[in-house]
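A short worksheet on the structure shown next.
A short reminder: the numbers here are calculations on the coordinates, not readings from a lab. Predicted, not measured: the structure shown is a model, and the values here were computed from it. All Cβ positions, even for glycine, are placed from backbone atoms using ideal geometry, and neighbour counts span all protein chains on display.
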Amino acid sequence: MHDAPTRPRTWLNGLLFILTVLTTCYAGLLWSANFLFFESGAAAGPVSTAARGLSDPLLFPLSALYAAAFMAILVGHEMGHYLTCRRYGVEATLPYFLPGPPYLGTFGAFIRIKSIRRKRQLFDIGANGPFAGFLLSLAALVAGLAFSRLAPFTPSEGSISFGEPLLFKLLTSLFFGRVPEGQTLVLHPVGFAAWGGLLVTSLNLLPISQLDGGHIAYAVLGRRARTVSRALMAVLAVLGVFFYPGWLVFGALILFFDIKFKLRLRHPPVEDEDQPLDLGRRVKAVLIVLIFVLSFMPEPVQGLSLFGILKGWLGA
């Protein structure tokens, strides 16, 4: 999400970057412990095994590897925006990284951009970030799956299951074929960094308001992009009820910023709003849609839907 920059405070960018490296290292510690010490019948997720693996010499290097892979994806994404801004002479800040709790260790990153006047500039700035982030996520996923393994597993009460984007499913099938019943994929920490990168990419590509996808949709559709934004907000509400309540939180944040900046899901206009994009950018827009389809997860964390919880309560 982007808005007009204020006076640069590079010390804040540096501090947030360091804090985000630390929080992603902690998240990597948990996933590395899960990878090293996964046992048949163990609860899915890293918490049950993390405390047992502190003595393993591979734990901290794997944690650093997770953090390096995830931060590379985030940096690549934001540099895609930033360097494109520099190319067009559009004023932009350095990235602000957002430290966060496990399981990812970060809420992502953003840059603040001054108003953009031309549609082609808007399209390129919006598209180059997720495009770079996706390519880096793809590379990390291939590397992570190459070092992952299958192991016997029996789900237990309290197990946590994570959704799989289409790209993840396709590459898992390529590496391992069909995962047999009673087994699970023990994902290498770099693979989970790729999972997080795909999640961040898909969130940014939602064609809503000031998200990257909103910039791209407006550049392609003009005023009609507002109708798409409204429809997608309704879709997020449905996904939040029936799949993952985090979508409700994400939608609420989008509405908060739209109200704050008085946008009402309408993209700020550019000077050449009615000028169609060239063929090359229209082709790239199709590729961006494909990237979104390959990256999107309706249910990033499974078993937490409000509808399912309410149904369980009524059934009890």
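Which parts of the range 128-157 would a label at R87 reach, counting a residue when its backbone N lies under 14 Å from a point 7 Å out along Cα-to-Cβ?
128-133
What nm distance separates the two modelled labels at R178 and L12, each placed 7 Å from Cα along Cα→Cβ?
Taking the simple label geometry, R178 and L12 are separated by 5.4 nm.
One quarter of the convex hull surface, Cα atoms only: what value does that give for the range 126-267 in nm²?
Projected over every direction and averaged, the Cα hull of the range 126-267 covers 10.0 nm².
Mind listing the long-range amide H neighbours of V186? Cut-off is under 5 Å, sequence gap 5 or more, other chains count too, H placed in the peptide plane at 1.01 Å from N.
R149, L150, A151
Report, to the nearest 10°, how far helix 246-260 tilts away from the longest principal axis of the Cα atoms in the chain, using its own Cα long axis and a range of 0 to 90°.
The two axes meet at around 20 degrees.
Please determine, in degrees from 0 to 90 and to the nearest 10, the orientation of helix 59-88 with respect to the longest principal axis defined by the Cα atoms of the chain, where the helix direction is its Cα long axis.
Roughly 10 degrees between the two axes.
Say a site is exposed when it is one of the trypsin sites (Lys or Arg not before Pro), sits in a DSSP loop, and has at most 11 other Cβ atoms within 10 Å; what is then the longest site-free stretch of the chain?
Longest site-free region, per DSSP loop and neighbour criteria: 1-177.
Fewest first, what order do E78, E271 take by the number of other Cβ atoms within 10 Å?
Values: E78 22, E271 9.
By the 10 Å Cβ count, ascending, the order reads E271, E78.
Using only DSSP helix segments of four residues or longer, with each worth -39500 (n - 2.57), what per-residue ellipticity at 222 nm results for the chain after dividing by its residue count and rounding to 500?
Calculated at 222 nm, the ellipticity per residue is -20000 deg cm²/dmol.
Dividing the alpha-carbon radius of gyration of the range 201-286 by 2.2 N^0.38 Å (N being the number of residues), what value is obtained? List each step's numbers first, then the result.
On the way: Rg = 13.5 Å, N = 86, 2.2 N^0.38 = 12.0 Å.
Compactness ratio reported: 1.13.
Relative contact order of the chain, please, whole-number percent, based on alpha carbon pairs below 8 angstrom and at least 6 residues apart.
Result for the chain is 21 percent.
If one takes the longest principal axis of the Cα atoms in the chain, at what angle in degrees, from 0 to 90 and to the nearest 10, does the Cα axis of helix 225-242 lie?
Approximately 20 degrees, to the nearest 10.
As a test of understanding, state the convex hull volume per residue of the chain from its alpha carbons, in Å³.
About 140 Å³ per residue, rounded to a whole number.
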